[in-house]
1. Determine which member of the set Leu281, Leu247, Leu218, Leu259 is farther than 22 Å from Arg124 by Cα, of a type outside the set (Val, Ile, Thr) and not assigned by TED's automatic domain parsing to the domain that holds Arg43.
2. Output the number of residues of the range 231-282 satisfying the condition of being aliphatic (A, V, I, L, M) and over 27 Å from Gly97 (Cβ atoms).
3. Got at least one residue in the range 343-359 being of a type in the set (A, V, I, L, M, F, W, C), within 14 Å of the ligand (Cβ to nearest atom) and farther than 30 Å from Ala158 by Cα?
4. May I ask you to list the residues in the range 327-337 that are buried (at least 19 other Cβ atoms within 10 Å of the Cβ) and among the aliphatic types (A, V, I, L, M)?
5. Does any residue in the range 71-95 that is at positive phi come within less than 7 Å, Cβ to Cβ, of a residue that is crowded, with 17+ Cβ neighbours inside 10 Å six or more places away or on a different chain, and which pairs are these?
6. For the range 1-98, give me every one of the strands (runs of 3 or more DSSP E) that falls completely inside it and has 2 or more residues that are within 13 Å of the ligand (Cβ to nearest atom).
7. Mind telling me which of the residues Asp128, Asp135 ends up being within 9 Å of the ligand (Cβ to nearest atom), buried (at least 16 other Cβ atoms within 10 Å of the Cβ) and not in a strand (DSSP E or B)?
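The values are calculated or read from the model by the stated rules, or taken from the named source; none is laboratory data. Please read all numbers here as calculations on a predicted model, not as lab measurements. Cβ placement follows ideal geometry from the backbone for every residue including glycine, while neighbour counts extend to all protein chains displayed.
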Amino acid sequence: MTERVVIVGASVGGVRTAAQLRAAGFAGEMVLVGPEAADPYDRPPLSKQVLRGSWTPERASLGDPAHQWGAKVHTASAVGLDPARRKVELDSGETLGYDRLVIATGAAARQLPGPPLAGVHVLRTMRDCLALRADLARGGPLVVIGGGFVGAEVASTARALGLRVTIVEGLPTPMARVLGEETGRMLTLLHTAHGVTVRCGVAVEGLGGTSRVEDVVLSDGRRLPADVVAVGIGVTPNTSWLDGSGLEIRDGVMVDQFLAANEDRSVYAVGDVARWYDARLRRHVRVEHWTNATEQARTVADNILRPEEPIAHTALPYFWSDQHGAKIQLVGHVDPALATTVIEGDPARGRRAVIYHADGAVHAGLTLNWPRALGAVRRSLDNGAEVGGVLADLDALTGR
Ligand SMILES: Cc1cc2nc3c(=O)[nH]c(=O)nc-3n(C[C@H](O)[C@H](O)[C@H](O)COP(=O)(O)OP(=O)(O)OC[C@H]3O[C@@H](n4cnc5c(N)ncnc54)[C@H](O)[C@@H]3O)c2cc1C
């Protein structure tokens, strides 16, 4: 009988787990732990509406966990775990016992090496967002290091604010390692059409400036003038507090198909921190997308409440990104080694789809301004349809 659930990490994964537990009828005690637990917020608006200034920070709120879901809130960080004794240690000195523990500690933005310089930002927290926003108000120029989704969205928002923006990416195209070069070229065109300079295939050697950044030094010897630098070079899962716990950590908390981290299923993990065994793929994966965190929260809540009939987590990853007014959506497990077929939708509306496939089977699809095409790809992934069928569906959508 589960009487007390402790959730460590109070962002979308942790808060949604609390909400799902209550929605599914859990009447026991729920404790939410995290530095942001009293006032949790959503991250996607941090590179979009809040950064631009069209939303107040309050609009990104995920709710009031104490009031809405009756959670006890500890504004603290977990610093240790003893799964055998079922105890979590907090930096406040307190120790919390639990029947079930949910690890939802997410990930932290990677920093550039070297001493801190004013004007240089990462973007993960609301504090990061407001500091970057204040610096963008100085007028730029902005250099974005790393062409991933967060960096690309910062570039888009800064352009909308009127700044001169350059993206520097070491790979041949932005997102080449994740989405392949074809899609990377498509995203590059989107940026350049909106006035962003995209410098690919060149590394960053360092930053110039004494107390404030003045320029970005590239491996080809050039220096890009910069008043603000946004660093988007990926994230590291927040697992250091689990050192010595005995849980298996491999770039994330290793969990089984039910999202459980240990044999007796007293510890679960969700969201960016969880590397779970996807029974559909027959391997472990870790996904850094908002929808994944919310869907895993539902799976874990169900598995805590009905341990005799655990549900395997097999949801397909889904991601969206808003850049320069375009809606980018991705569904499925993408791999740059897969073959791609590009379908031109309505060019006037900027509609396009990239289908990732191998041996006739569809693995993923990315769409630009074309939600109906994404729906068709999703249906084909659910039904295990052949690539020919999806391409025919998309052709039908274009009226060809
Ligand atoms: C700027 C930005 C824009 C994004 N835009 C999109 C988008 O458009 N679409 C999309 O699909 N995804 C987007 N994402 C990704 C999405 O926000 C993440 O996948 C999601 O936030 C993951 O949620 P999480 O709860 O697993 O982890 P996180 O959001 O990382 O939250 C983890 C929480 O745990 C806390 N914590 C860490 N260590 C401890 C500890 N030791 N003890 C207690 N608490 C701890 C942290 O303070 C934090 O509150 C974006 C992310 C960022 C940063």
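1. Checking each option against the conditions leaves just Leu218.
2. If we filter the range 231-282 for residues that are aliphatic (A, V, I, L, M), which is where we start, we get 231, 233, 235, 242, 247, 249, 253-255, 259-261, 267, 269-270, 273-274, 279, 281.
If we keep only those that are over 27 Å from Gly97 (Cβ atoms) as well, we get 231, 233, 235, 279, 281.
Residues meeting the conditions: 5.
3. Taking the range 343-359 as the starting set, the residues that turn out to be of a type in the set (A, V, I, L, M, F, W, C) are 343, 348, 353-355, 358.
This time we only want the ones that are within 14 Å of the ligand (Cβ to nearest atom), so: none.
Within the range 343-359, none of the residues are of a type in the set (A, V, I, L, M, F, W, C), within 14 Å of the ligand (Cβ to nearest atom) and farther than 30 Å from Ala158 by Cα.
4. Residues satisfying the conditions are Ile328, Leu330, Val331, Val334.
5. Arg86/Tyr98; Arg86/Ser266
6. 4-8, 29-33, 72-74, 78-82, 87-90
7. Testing whether each residue is within 9 Å of the ligand (Cβ to nearest atom), buried (at least 16 other Cβ atoms within 10 Å of the Cβ) and not in a strand (DSSP E or B) leaves just Asp128.
For every residue, the table says whether it meets (1) buried (at least 21 other Cβ atoms within 10 Å of the Cβ); (2) within 16 Å of the ligand (Cβ to nearest atom); (3) of a type in the set (Lys, Arg).
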position: Val213; (1), (2), (3): yes, no, no
position: Ile233; (1), (2), (3): no, yes, no
position: Trp241; (1), (2), (3): no, yes, no
position: Gly244; (1), (2), (3): no, yes, no
position: Met254; (1), (2), (3): no, yes, no
position: Tyr268; (1), (2), (3): yes, yes, no
position: Gly271; (1), (2), (3): yes, yes, no
position: Arg282; (1), (2), (3): no, no, yes
position: Thr291; (1), (2), (3): no, yes, no
